[in-house]
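Here the structure comes first, spelled out in structure tokens, and everything after it is commentary.
The values are calculated or read from the model by the stated rules, or taken from the named source; none is laboratory data. No experiment lies behind these values; they were computed from the predicted model shown. Positions of Cβ are generated from backbone atoms using ideal geometry, with glycine treated the same way; all protein chains shown enter the neighbour counts.
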Amino acid sequence: MSQTLTSEQAPRRRPQARGDRLFSGLAVASGLLILLILAGVFVFLLIEGVPGLSVDPSNYGAGFTDFWSYVGPLLFGTVFISVLALIVAVPFALGVALFISHYAPRRLATPVAYVIDLLAAVPSVVYGLWGGRSLSQALKPVINWLGDRLEWIPLFKGPVSPNGQTALTAALVLGVMILPIVTAISREVFAQTPRLNEEAAIGLGATRWEVVRLAVLPYARSGVIAGIMLGLGRALGETMAVTMVYSSSPKYMIGIIGDTSPQTIAANIANNYAEATPDKQHVLIAAGLVLFAFTFVVNFVARWAIGRGERKLTR
């Protein structure tokens with residue numbers, strides 16, 4: 001027969017310490033503050049940007065009849081340059097992360113990790129100066145070679161830029177900028193792979209690469225995707241580096257070595273906001289709202305993909 005516990009016999013709940021209550025309150029307040037800031041940014045963009053959807057067509061620029069014809073090429077350019085930057089950065093980031101976590105001895109892995117992390121502290125304007133003044137000159141022979149040998153491919157169709165300041169240069173600069181973000185997150189996820197999984201693979205006769213391929217990468221997939229999405233978010237919103245590296249135009253184009261390339265939303269806002277009329281400012285803020293919404297959707301889809309991958313691993 002089951003017995004019910006009296007109030008005296010029931011275990012008493014330990015009172016929460018003052019430090020625990022304080023820490024819990026600070027954590028909740030911090031989370032709510034971030035949400036309020038995000039909501040405030042969205043409300044500002046919504047209030048100031050909606051009027052820009054219906055201003056006089058002359059505020060959009062020559063050749064544009066409405067807001068969507070104006071922002072479409074800018075959104076395309078933003079995605080285009082960001083994807084190029086990911087193509088450049090992700091393979092190197094994953095390779096460096098695996099080298100630090102699984103291949104390099106500790107006396108070498110630690111300083112390499114510090115150097116990679118320090119790249120994130122370099123201001124974007126410094127990257128822009130380096131890309132526009134140094135990297136562009138170093139890439140001129142490569143760009144000329146691509147234009148001579150691969151002109152039949154739309155990506156490398158001329159006329160070739162004479163100063164090396166091209167979308168390819170901008171993609172390389174952005175790739176270097178997002179490299180530490182993707183590397184740092186991937187490195188931490190790789191290092192958290194259960195040791196038993198790796199030892200089991202080694203016990204079955206797997207080589208080091210097979211251990212990485214069969215045990216490390218599947219476990220770290222969701223974390224790697226998260227790192228890539230954070231890098232994509234940095235690339236989507238980058239302004240100064242892109243503005244300083246190459247000449248751009250708000251048009252649909254996919255050439256990466258020409259003297260002009262597609263313009264990004266952030267670069268367009270930076271170039272035009274200071275001298276814009278009130279109506280033009282509303283248009284630029286509306287473009288920022290489009291970028292905000294697009295970035296939110298990209299991160300939402302990434303979060304869904306990460307959750308799906310985690311569910312598959314736990315089955």
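What to note about this one:
- Taken together, the criteria place Val212 among residues that are in a helix (DSSP H, G or I) and touching a His at 6+ places or on another chain (Cβ under 7 Å).
- Being surrounded by fewer than 20 Cβ atoms within 10 Å (Cβ to Cβ), at pLDDT 85 or above and basic (Lys, Arg) is true of Lys140.
- Residue check, Ala93 more than 19 Å from Ile81 (Cα to Cα), in contact with a helix residue (DSSP H, G or I) (Cβ under 6 Å, 6 or more places away or on another chain) and assigned to a helix (DSSP H, G or I): no
- Single unsatisfied condition, Glu198 versus (1) within 30 Å of Gly49 (Cβ to Cβ); (2) surrounded by 19 or more Cβ atoms within 10 Å (Cβ to Cβ); (3) of a type in the set (D, E, K, R); (4) without any contact (Cβ under 8 Å) to a residue 60 or more places away in the chain: (1)
- Single residue of Ser222, Ser249, Ser261 found to be surrounded by fewer than 19 Cβ atoms within 10 Å (Cβ to Cβ) and of a type in the set (Ser, Thr, Tyr): Ser249
- Unique match (being out of contact with any Ser or Thr (no Cβ under 8 Å at 6 or more places or on another chain), assigned to a helix (DSSP H, G or I), surrounded by 14 or more Cβ atoms within 10 Å (Cβ to Cβ) and without any contact (Cβ under 8 Å) to a residue 24 or more places away in the chain) among Phe99, Phe80, Phe76: Phe99
- Any hit, region 188-199, residues being assigned to a helix (DSSP H, G or I) and either touching a Pro at 6+ places or on another chain (Cβ under 7 Å) or within 30 Å of Met244 (Cα to Cα) (or both): no
- Picking from residues in region 230-279 that are farther than 21 Å from Leu155 by Cβ and among the β-branched types (Val, Ile, Thr), the one that is farthest from the chain's Cα centre (by Cα) is Thr277.
- Of all the listed residues (Ala113, Ala121, Ala109), the sole one being over 17 Å from Val242 (Cα atoms) and not in a helix (DSSP H, G or I) is Ala121.
- Qualifying residue in region 226-237 (condition: crowded, with 22+ Cβ neighbours inside 10 Å and either of a type outside the set (A, V, I, L, M, F, W, C) or under 23 Å from Tyr103 (Cβ atoms) (or both)): yes
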